[in-house]
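Below you'll find the structure, written out as structure tokens, and then a few comments.
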Amino acid sequence: MLHGPRSAMNRVQATAVCAGSATGIGAGPKTPCEAGPPTALDRAFIALQNAYRPHGGLSRLRGLACGRVADAGGLVDTGAVFGFRWHDDLWIPLFQFDTSAAPVGSVAAGPRRVVAELGRGFDGWALAQWFVQPCDSLAGQMPIECLPLRLPEVLEAARADRVAAAR
């Protein structure tokens with residue numbers, strides 16, 4: 001199964017912003033309840049939130065920047081970690097950080113190597129989705145589940161998906 005940029009998730013506009021807009025003096029963006037039914041992007045975000053919950057969850061970049069991770073914005077800017085945009089926020093999957101290492105919030109090597117192997121053809125949404133989709137070459141397991149003990153196999157799966165996405 002291809003997990004790359006041609007996935008269904010990636011066909012959804014990944015740069016959507018909050019559904020509301022100012023409608024008059026003093027009026028702000030609509031609240032989620034006023035914005036109408038969830039969009040495909042909203043449903044995709046909820047699915048990612050649920051998938052990442054057992055693996056540390058997701059955090060807004062600004063939440064990380066408020067003390068949990070030193071220079072969180074710089075880590076994203078340099079490509080040390082990835083994130084994806086949803087409702088005007090950059091969301092970071094927290095499995096990318098090694099919470100057992102000092103300093104707390106150090107970037108974990110495994111996810112970083114996998115992202116490098118997948119290459120630049122995968123945007124933040126595609127990367128986030130790739131790690132939590134079952135993969136045939138990993139016996140139906142999600143790459144995120146295999147990272148701690150089977151990193152070479154996860155790297156090979158990433159390499160295969162990068163090549164397949166380039167075709």
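For the reader, a short list of remarks on this structure follows.
- Hits in segment 119-138 - residues which are among the aliphatic types (A, V, I, L, M) and at pLDDT below 95: none
- Residue tally, condition within 24 Å of Ile46 (Cα to Cα), part of a helix (DSSP H, G or I) and at pLDDT 85 or above, over segment 68-111: 4
- Inspection of segment 144-167 identifies no residue that is assigned to a loop (DSSP other than H, G, I, E, B), in contact (Cβ under 8 Å) with a residue 60 or more places away in the chain and under 17 Å from the mean Cα position of the chain (by Cα).
- Close pairs from segment 105-128: first on the phi > 0 side of the Ramachandran plot, partner surrounded by 15 or more Cβ atoms within 10 Å (Cβ to Cβ) and not aliphatic (A, V, I, L, M), Cβ under 9 Å, at least 6 apart: Gly105/Phe97; Gly105/Asp98; Gly119/Arg162
Matching residues to (1) closer than 22 Å to Arg53 by Cβ; (2) among the charged types (D, E, K, R):
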residue: Arg120; (1), (2): no, yes
residue: Gly124; (1), (2): yes, no
residue: Leu138; (1), (2): yes, no
residue: Pro143; (1), (2): yes, no
residue: Leu151; (1), (2): no, no
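The values are calculated or read from the model by the stated rules, or taken from the named source; none is laboratory data. It should be emphasised that the depicted structure is a prediction, and the values quoted were computed from it without experimental measurement. No Cβ is skipped: glycine too gets one built from the backbone with ideal geometry, and neighbour counts run over all protein chains shown.
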